1. Listing 120, 129, 255 from the residue with the fewest other Cβ atoms within 10 Å to the one with the most, what is the order?
2. Order these by the 10 Å Cβ neighbour count, fewest first: 121, 289.
3. Please give, to one decimal in nm, the separation of the simple spin-label points placed at residue 187 and residue 292, each 7 Å out from Cα toward the Cβ.
4. Can you list residues whose amide H is under 5 Å from residue 46's amide H, if they're 5+ apart or on another chain and H is modeled 1.01 Å from N?
5. Would you look at the GNM of the chain, springs on alpha carbons closer than 10 Å, and say which of 206, 278, 264 moves the most?
6. Using each residue's phi in the stretch 191-201, evaluate 6.51 cos²θ - 1.76 cosθ + 1.60 at θ = phi - 60° and report the 3J(HN,Hα) Karplus result to the nearest Hz, with x for Gly and Pro.
7. Would you mind giving the average projected area, over all directions, of the Cα convex hull of the stretch 257-324 in nm² with one decimal?
8. Under 12 Å from the Cβ of residue 260, count the other residues' Cβ atoms, weight Lys and Arg +1, Asp and Glu -1, and hand me the total.
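We did not get these values from a lab; they are worked out from the coordinates using the rules stated. Because the structure is a prediction, the values reported are computed rather than measured. Note: ideal-geometry Cβ built from the backbone for every residue, glycine included; neighbour counts use all protein chains shown.
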Amino acid sequence: MKYFAALVVFAYLYAVQASVYLEENFDDDTWEKNWVYSKHPGKEFGKFVRTAGKFFSDEENKGIQTSEDARFYALSRKFAPFSTEGKDLVVQFTVKHEQNIDCGGGYVKVFDCSLNSEEMHGDSPYRLMFGPDICGPGTKKVHVIINHNEKNVLINKDIRCKDDVYTHAYTLIVRPDNTYEVQIDGEKVESGELEADWDLLPPKKIKDPEASKPEDWDDRATIPDPEDTKPEDWDRPEHIPDPDATKPDDWDDEMDGEWEPPMIDNPEYKGEWKPKQIDNPAYKGSWVHPEIDNPEYSPVPDLYKQPEICGIGFDLWQVKSGTIFDHVLITDDVEYAQKAIAGLKDQQEGERKAKEALDNAEREAAGGDEDKKDDEEDEDDDEEEGAEDNVPPVHEVSGNLSIFAVSGGA
């Protein structure tokens with residue numbers, strides 16, 4: 001009983017301590033009251049529209065969609081500030097590139113309270129950047145960038161993003177033990193330690209600046225054989241006159257100059273001679289620069305910690321618009337985040353079926369247009385044939401042409 005009671009207390013304390021700092025599902029048109037468009041000069045910004053898209057599992061499940069091609073997008077909102085000290089940080093949202101995106105971002109940026117939403121632009125300082133980025137076949141990655149000491153540092157691992165046209169959930173978890181996890185659709189795709197997978201701190205070890213390779217260090221595994229000599233008959237020209245060539249009969253030495261046969265590859269040519277290689281008796285192996293502790297390195301036990309978070313935004317460029325963002329969540333509750341996307345697989349399956357039905361309808365419509373076009377072409381052909389049928393007959397009379405109308409006779 002005591003053990004059970006302790007579990008109940010622990011669960012209660014966890015429920016009390018766990019917090020949801022932002023949950024935005026764009027349930028109605030009031031979302032625009034909380035989100036602010038940037039007015040930063042010098043950029044042509046696009047607008048977001050609330051929609052379920054062209055194909056969907058549930059028409060009521062709407063997000064915000066980029067609506068204009070070849071535009072920057074800068075939209076953000078703030079919420080009550082919090083610190084991640086001693087707790088998990090979970091950043092999660094869904095992305096649907098239903099336009100089959102060719103080049104554009106699908107990520108979010110997380111800010112502290114210094115963000116001026118109306119001035120947000122590409123160089124605005126942020127704390128985290130996370131999410132997919134696609135541009136051509138070469139760039140299909142999940143960005144995970146952490147700001148440390150006012151420097152943006154990209155993860156040194158390559159995480160591939162989804163590049164289809166259906167909804168996918170992206171989740172970043174940063175833990176107080178300085179570890180992290182990246183999930184796509186609730187499944188782990190990458191994890192590790194912050195210090196190991198980002199260059200957030202100076203390296204622990206550096207090459208000893210006092211050390212250098214000894215002058216007598218020989219790192220050549222093989223050397224030319226000093227006993228080897230070039231054969232006397234080795235040297236042959238690379239090209240020789242073609243022995244089978246003859247001067248053309250119409251060649252005029254006075255007009256054309258002295259005739260010379262064309263050159264061909266010499267079958268006896270052996271190339272540049274080099275002595276054979278033998279093992280180097282003085283070989284000592286590859287010299288390894290010794291390392292020492294880096295005096296500039298010092299461990300940071302709370303590398304994970306973000307002292308202040310109170311904003312999130314979309315700061316993007318898209319060549320082809322149509323991306324739908326939804327279910328934006330910032331919390332310290334990993335289980336809550338998992339539950340928030342519990343119906344994702346059913347949503348994806350519904351979207352696939354809706355996409356298939358849409359494609360079939362478009363094909364049928366296109367086929368109907370082709371049939372109509374064919375019918376119109378057939379009608380035109382029939383009219384042309386009918387016109388030919390109405391041409392008056394031509395009769396030959398005594399070598400002269402005499403034309404008779406179809407009606408009226410001769």
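1. Least crowded to most crowded, the residues run 255, 129, 120.
2. Ranked by crowding around the Cβ, least crowded first: 289, 121.
3. 5.0 nm
4. Distant-sequence amide H within range of residue 46: 72, 73, 74.
5. Greatest mean-square fluctuation among the candidates belongs to 264.
6. 6, x, 9, 4, 5, 6, 9, 10, 8, 7, 10
7. Dividing the Cα hull surface by four gives the mean projection, 21.2 nm².
8. Result for the local shell: -3.
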